[in-house]
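Participant: Below is a structure I'd like to ask you about.
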Amino acid sequence: MSLALSGIGVSRGVAIGKAHIILRGTVEVLESAIPKHLIEDEVARFLKAVNCARQQLEDIRVRIPENTRVDIAAFIDTHLLMLDDATLVTTPVDLIREHGCNAEWALKLQRDAVVDVFEQMNDAYLRTRRDDVDHVINRVQRILMDDEDQEDAHNGGAALDNAIVLAYDLTPAEAVLLEHQGISAFATECGGPLSHTAILARSMQIPALVGTHGLQRYIRDGETIILDGLQGVLIAGADEQTFDYYRERQELEYQRQLELARLTDTPAITRDGMSINLMANIELPEDIDAVSRESARGVGLYRTEFLFMNRNNPPDEEEQYDVYVSVIEALKGKPLTIRTLDMGADKQVDGGNRICSNPALGLRAIRLCLKNHSLFKPQIRAILRASAHGPVRLMIPMLCNTQELHQVLSLINDTKNALQRESLAFSPDVKIGGMIEVPAAALSAADFASQMDFLSIGTNDLIQYTLAIDRVDDEVNYLYDPLHPAVLRLIKMTIDAGVDAGIPVSMCGEMAGDPRYTRLLLGMGLSEFSMHHTALQEVKRVINSSTITSLIPLVQELLDNTKPGHIPSRVDSLNHNSR
Ligand code: PEP
Ligand code: MG
């Protein structure tokens, strides 16, 4: 019998393949008393489980492919070190002997004590190590409990050719790894369309669903399933007719890609002759190949935080400098917009979750960098030094007041002076811009515009903060609405502030790459869009069929009338009539 589960389609495309289920979550542990004469056997059972966990990790380590995009080995080494640590090994043995309890319970007691210590720590980075403790302890617990499902999200690096991964949740780092292992699609129970994992899926062109409830209950590991990333549906037990339908959809998608590919070398110019700057967003230096293939005019957003993930120590100045220079050189004279570290919330350095009740509102992005100069300064130095090799724009994420901007500008100035003293080259023309992604910044866009060289609207966060909806929480996803009048007003305000100050305003959130909003944004005066390279040709197709002069009055009318349903229906008619 066939079964369809609905989810939120976050990356289009159809995949047909075998389900690969990754069960995770916390391990339920029960206490039991061990008779005195069996205590040493229990200790031996515990030590054997620790050894087995160590062996598992060592096996995984040797199987990591050499060209893996992120430093997974360092991630595994951290876990191996923990298995050698007395806190996780000797103390549980003492607890077994002291309390006469089972090994699982002793390990749980020790876990709770260690987690307590981590939670007291003020240092955000150290607090995130708590997740490593949990990962290691869960591994040992599962061995003790003889749990057959001990797999890591990345299956230890083994090939997963064409598998469709079904998981409770995936971090961006895990998604990168799984892609490397050849999966054809993934679906998760958690997550929202703007989570970084979803964004990554689009940039890797892997069909994906998030918020797909019931995956673990209804789908069997290894059964052939269909995942439709456009319609947001996952089908199991399909009949031949359904398979035929989806094979045809796969073919149509392929044809669509071919058709769009023909637009690659056509410039983006509206019918009335306005040239639009189409730029690409990148997460990893490797993405540059695709950016060049799609003839983007440059990079409008380089999310540097991906360079900092899945490793024990942040990259130093030299490492960052080398990476930035390699990207600049690959762009052959096209501009590179390097966004300074936007870490925190759903993007963690080590792939874990920060212990913080409200991470999206917490110490993230520029707030974190201004608090932690040892993290920020090497990046500023590396970006400035790299600017000697080609056009670079430095972009600051999550600005919320101009004091933050002043602090960054003064740090940049000091860094330039220091570089000069050290006779290290940099371009004096590096443009400094800021992201407008907090409502307060949009409302103060004129203040920011008068002090910066460019602005870029980050709609993912701007929508999250304006509508007070966590972008990774699927429970409130129904409220996510780029067409909310408040969101549109903030966008318009920012564009107008840029025009008044005579500086360029770009948009680099997901809204910029969604062809449903292209005409609306053109009519609002936006002339620079930055998006995943996969969306470039589709957006270009809309631009090249639009006439700005007729869009401007229509969009103004649309913005002036906020009756419920009016804006979406007008946007629809903008898209469906020839403009
Ligand atoms: C945004 O918020 O729109 C944005 C582009 O930044 P990120 O998605 O990396 O937070
Ligand atoms: Mg953002």
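Participant: Relative contact order of the chain: what whole-number percent is it, with Cα pairs under 8 angstrom and at least 6 residues apart? Let's see the in-between values first.
Facilitator: Numbers: 1099 pairs, mean separation 86.8, N = 579.
That works out to 15 percent.
Participant: Moving to a separate point now. Given an 8 Å cut-off on Cα distances and at least 6 residues of separation, report the relative contact order of segment 438-579 as a percent.
Facilitator: In percent, rounded to a whole number, it is 23.
Participant: Expressed as a whole number of Å, what is the distance separating the alpha-carbon centroids of segment 509-540 and segment 83-121?
Facilitator: Between the Cα centre of segment 83-121 and that of segment 509-540, the gap is 53 Å.
Participant: Given labels modelled 7 Å from the Cα in the Cβ direction, how far is it in nm from GLU31 to HIS576?
Facilitator: A separation of 6.5 nm, rounded to one decimal place.
Participant: Could you please report the charge total around GLU31, scoring K, R as +1 and D, E as -1 over all other residues with beta-carbon less than 13 angstrom from its beta-carbon? Please report the intermediate quantities before stating the final value.
Facilitator: Working: positive: LYS108; negative: GLU28, GLU42, GLU104, ASP112.
That sum, taken over residues with Cβ under 13 Å, equals -3.
Participant: Could you tell me how many degrees, from 0 to 90 and to the nearest 10, lie between the Cα long axis of helix 86-99 and the main elongation axis, the longest principal axis, of the Cα atoms of the chain?
Facilitator: The answer is roughly 40 degrees.
Participant: If you place +1 on the Cβ of every Lys and Arg, -1 on the Cβ of every Asp and Glu, and leave all else neutral, what size is the dipole of segment 425-566 about its Cα centre, to the nearest 20 Debye? Spell out each step's value before the answer.
Facilitator: Details: 9 positive and 18 negative charges, 100 e Å.
Taking the Cα centre of segment 425-566 as origin, the dipole is about 480 debye.
Participant: Find how much the distance from TYR218 to ASN544 grows on full extension, using 0.36 nm per residue of separation minus their present alpha carbon separation; answer in nm with one decimal.
Facilitator: On the way: separation 326, 0.36 × 326 = 117.36 nm, distance 4.53 nm.
Between TYR218 and ASN544, full extension yields an extra 112.8 nm.
Participant: In whole Å, what three semi-axes, largest first, describe the equivalent ellipsoid of the chain built from its Cα gyration tensor (square root of 5 times each eigenvalue)?
Facilitator: Details: eigenvalues 374, 184, 91 Å².
Here the semi-axes work out to 43, 30, 21 Å.
Participant: Still on this model: Once the other residues with Cβ under 12 Å from the Cβ of GLU528 are scored (Lys, Arg +1; Asp, Glu -1), what is the net sum? All intermediate terms of the calculation are to be shown ahead of the outcome.
Facilitator: Details: positive: ARG297, ARG393; negative: none.
Result for the neighbourhood of GLU528: +2.
Participant: Let me ask something else. Using Cα atoms only, what is the angle between the long axis of helix 124-144 and the major principal axis of the chain, expressed in degrees (0 to 90) to the nearest 10?
Facilitator: Around 50 degrees separate the two axes.
Participant: From the phi angles alone, apply the Karplus equation (6.51, -1.76, 1.60; θ = phi - 60°) to segment 417-434 and give each ³J(HN,Hα) in whole Hz, x where the residue is Gly or Pro.
Facilitator: Karplus-based 3J(HN,Hα) across segment 417-434 equals 4, 5, 4, 4, 4, 8, 6, 9, 6, 7, 8, x, 9, 4, 7, 10, x, x Hz.
Participant: Counting Lys +1, Arg +1, Asp -1, Glu -1, what net charge surrounds CYS400 among other residues with beta carbon under 10 Å of its beta carbon?
Facilitator: Details: positive: ARG367; negative: GLU404, GLU437.
Around CYS400, the charge tally is -1.
Participant: Follow-up. Return the FRET efficiency for the residue pair ASP244, VAL476: r is the Cβ-Cβ distance, R0 is 41 Å, and the value is rounded to the nearest 0.05. Display every interim value, and only then the final one.
Facilitator: Numbers: r = 38 Å, r/R0 = 0.92.
Result of the calculation: an efficiency of 0.60.
Participant: In addition: Please list 509-516, 463-470 highest first by mean number of surrounding beta-carbon atoms within 10 Å per residue. Could the numbers behind the result be given before it?
Facilitator: Details: 509-516: 22.2, 463-470: 20.1.
Put in order of decreasing packing, that is 509-516, 463-470.
Participant: I'd like to know which of GLY502, ILE183, ALA236 lies farthest towards the positive end of the charge dipole of the chain, counting +1 on Cβ of Lys and Arg and -1 on Cβ of Asp and Glu.
Facilitator: Selected residue: GLY502.
Participant: Tell me whether segment 452-579 comes out rounded, prolate or oblate; compute the Cα gyration tensor, take square roots of the eigenvalues as a ≥ b ≥ c, and use a/c under 1.5 as the rounded threshold.
Facilitator: Details: a/c = 1.29, a/b = 1.12, b/c = 1.15.
Rounded, because the longest to shortest axis ratio a/c is under 1.5.
Participant: Principal axis lengths of segment 168-233 from Cα atoms, whole Å, largest first?
Facilitator: The Cα atoms of segment 168-233 stretch 27, 24, 20 Å along their principal axes.
Participant: Taking the Cβ of each residue in GLU240, GLU437, GLU318 as the centre, tally the other Cβ atoms inside 10 Å and list the residues starting with the fewest.
Facilitator: Working: GLU240 7, GLU437 28, GLU318 12.
Fewest-to-most Cβ neighbours within 10 Å comes out as GLU240, GLU318, GLU437.
Participant: Helix 566-576 against the longest principal axis of the chain: what's the angle in degrees, Cα atoms only, rounded to the nearest 10?
Facilitator: The angle comes out at about 70 degrees.
Participant: How much length is gained on full extension from LEU424 to MET145, taking 0.36 nm per residue of separation minus their Cα-Cα distance? Numbers along the way, then the final one.
Facilitator: Numbers: separation 279, 0.36 × 279 = 100.44 nm, distance 5.81 nm.
Computed gain between LEU424 and MET145 is 94.6 nm.
Participant: In addition: Scan around MET395 for amide H atoms under 5 Å from its own, H built in the peptide plane at 1.01 Å from N, and keep only partners 5 or more places away or cross-chain.
Facilitator: Counting only residues 5 or more places away or on other chains, the set is ILE338, ARG339, THR340, GLY433.
Participant: From the Cα gyration tensor of segment 173-324, with a ≥ b ≥ c the square roots of its eigenvalues, which class applies: rounded if a/c is under 1.5, or else prolate if a/b is larger than b/c, or else oblate? Walk me through the intermediate numbers first.
Facilitator: On the way: a/c = 2.52, a/b = 1.25, b/c = 2.02.
Oblate, because a/c is 1.5 or more while a/b does not exceed b/c.
Participant: Quick check on packing: order 83-95, 494-506 by the mean number of other C-beta atoms within 10 Å, highest mean leading. Each step should come with its number before you reach the end.
Facilitator: Details: 83-95: 15.9, 494-506: 19.5.
Output ranking for 83-95, 494-506: 494-506, 83-95.
Participant: Here's a follow-up. Calculated FRET efficiency, GLN255 and GLU557, Cβ-Cβ r, R0 45 Å, to nearest 0.05? All intermediate terms of the calculation are to be shown ahead of the outcome.
Facilitator: Details: r = 37 Å, r/R0 = 0.82.
Calculated transfer efficiency: 0.75.
None of the figures in this text is laboratory data; all of them are computed from the coordinates on show. Treat the numbers as computed from the prediction; the structure is a model and nothing was measured. So basically every Cβ, Gly included, is an ideal-geometry build from the backbone, and we count neighbours across all protein chains shown.
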